[in-house]
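Below is one structure, written out as structure tokens; comments come after it.
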Amino acid sequence: MVREAVRHAPDMIIVWDPHPGDELFEAVRLLESAAPSPVLVFTSDVRAETMDAAIACGIDDWVVNGYAPGRLRPLLQFTVLRHRQIRQMREELGDLKRRFEERKLVDRAKGILMNARHISEDEAFRLLRSASMHAKQRIGQVSQQVIDSAHYAEAINRSGRLRMLSQRIVKLYALAAMNVETAGSRALLADSVTQIDQSLMVLGRALSRPTFGDLLDAVQSTWSAVQSSLVAAPASARVPQLDQDAERLLDLSDRLTQALENAGLTPSLHVINVSGRQRMLAQRLAKLALLRSSGALAAGEALPEDMASTAEAFEQGLTYLRGIPLSTPAIRDGLARADATWQDMLAAVRAGAQQGARVTLAATSESLLELFDALTHEYEQSMQMLMG
């Protein structure tokens, strides 16, 4: 019946079935989605349960033992008119539902913009309406884009923090093992453990399990291995195994972050990824410098390969962030301060294993972490990112 209706597009479908059942009702449901047509059923079934099922599946008229020729014309007319009326009511109901859902999206998007940029509700709505007109999209579509952008921006920031914390933990553990500001290093180490647990908990609630569950599970499993190395008091002999596990955590966290950026489909999300990555690169360079056993580098001597590639990646990130149009006075000031702190950190890296250099290395790497935390938050909350 469905196949023939799709093929011939009739004005009406008339069914004779003395005892209709689920097969007919399912066919009518398929027909409603594939080729909606008025459906008139003649039957001998007088059960109320069957009538209820007939109405639920979309049958327009149900005639019991009433197929005399003289009744046919008015029954056909009634079926067509009823079908038309029901379709109109469904369209109106669908439109009301769409408007209601759109209103909820607009309210959520307004809240995001108001919180991010500290603007009034009226100003947030004007921004959404202006973006809607500019993009030639419904305001609900623009609102959904703002909601999605904010969702993925926060997820990328949190996932990017996992990358950074994988390197910070090894750096702090090594500092504690070297008796460099031991109390402070241990306190920051404990804070890093708490941050990872919290980030994994938030990401587990916020992200789609079917889409990102395998990546999250891999990060969680590797983090458990890292935690097992942190149970005992910091010791230099345990650093290599901790660093090996942390490298695995870094790789898996980076995969998750990249997957989130790709899923967001907003070019501005790349900025958050890059800014967040700067936090990790600063911690990584500090870690590599602490684990290097040789002394200070001679004037003009090149950094070891792993350290040189990390420093180069950091400087490339700085260059990229300086050049993008996504900027504010706060962002420009933050980048300038990050550049100055970076130069101090490089000097400490080149000074090698001296105790004073290690203290400077610890301080400057933490300062860079704070600066890029603030910068990443600025990018995450920027109007250009939220509005696409």
* Asked: How would you rank 58-68, 33-43, highest first, on the average number of other Cβ atoms within 10 Å across their residues?
  -> 33-43, 58-68
* For q = 0.13 Å⁻¹, what log10 I(q)/I(0) does region 14-122 give under the Debye formula with an equal point scatterer on each alpha carbon and no solvent? -> -0.60
* Asked: Which residues' amide hydrogens lie under 5 Å from the amide hydrogen of M12, considering only partners 5 or more residues apart or on another chain, with H built in the peptide plane?
  -> none
* Nearest 10 degrees, 0 to 90: helix 48-57 Cα axis against the chain principal axis -> 60 degrees
* What ³J(HN,Hα) values, in whole Hz, does the Karplus curve 6.51 cos²θ - 1.76 cosθ + 1.60 give for region 98-111 when θ = phi - 60°, with x put for Gly and Pro? -> 4, 5, 5, 5, 5, 4, 5, 5, 4, 5, 5, 5, 4, x
* Alpha carbon centroid spacing (whole Å) that separates region 1-20 from region 176-223 -> 61 Å
* Picking from A237, A313, A206, which is most flexible by a Gaussian network model of the chain using Cα springs under 10 Å? -> A237
* Name the residue, out of E261, E301, E247, whose mean-square fluctuation peaks in a Gaussian network model built on the chain with Cα pairs under 10 Å. => E301
* To do: For region 135-141, just list the computed ³J(HN,Hα) in residue order, Karplus coefficients 6.51, -1.76 and 1.60, θ = phi - 60°, integers in Hz, with x standing in for Gly and Pro.
  => 8, 6, 10, 5, 5, x, 5
* Structure fact -> Listed by chain and number, the residues whose amide H is under 5 Å from that of D61, excluding neighbours fewer than 5 places away on the same chain and using placed H, are V39, V41
* Structure fact -> Expressed in nanometres to one decimal, the distance between label points 7 Å along Cα→Cβ at R186 and Q137 is 5.3 nm
* What is the Rg over Rh value, at two decimals, for the chain, using alpha-carbon atoms and the Kirkwood definition of Rh? -> 1.24
* Gaussian network model of the chain, springs between alpha carbon atoms under 10 Å - residue of E102, E121, E92 with greatest fluctuation -> E92
* **For region 154-159, Karplus couplings with θ = phi - 60° (6.51, -1.76, 1.60), whole Hz, Gly/Pro x** => 5, 5, 5, 4, 5, 5
* Structure fact -> Neighbours of I55 by Cβ distance under 14 Å: Lys/Arg at +1, Asp/Glu at -1, summed charge -2
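No value in this document is a laboratory result; all are computed from the given coordinates. Since this is a predicted model, take the numbers as computed values, not measurements. Virtual Cβ from ideal backbone geometry, glycine too; neighbours counted across all protein chains shown.
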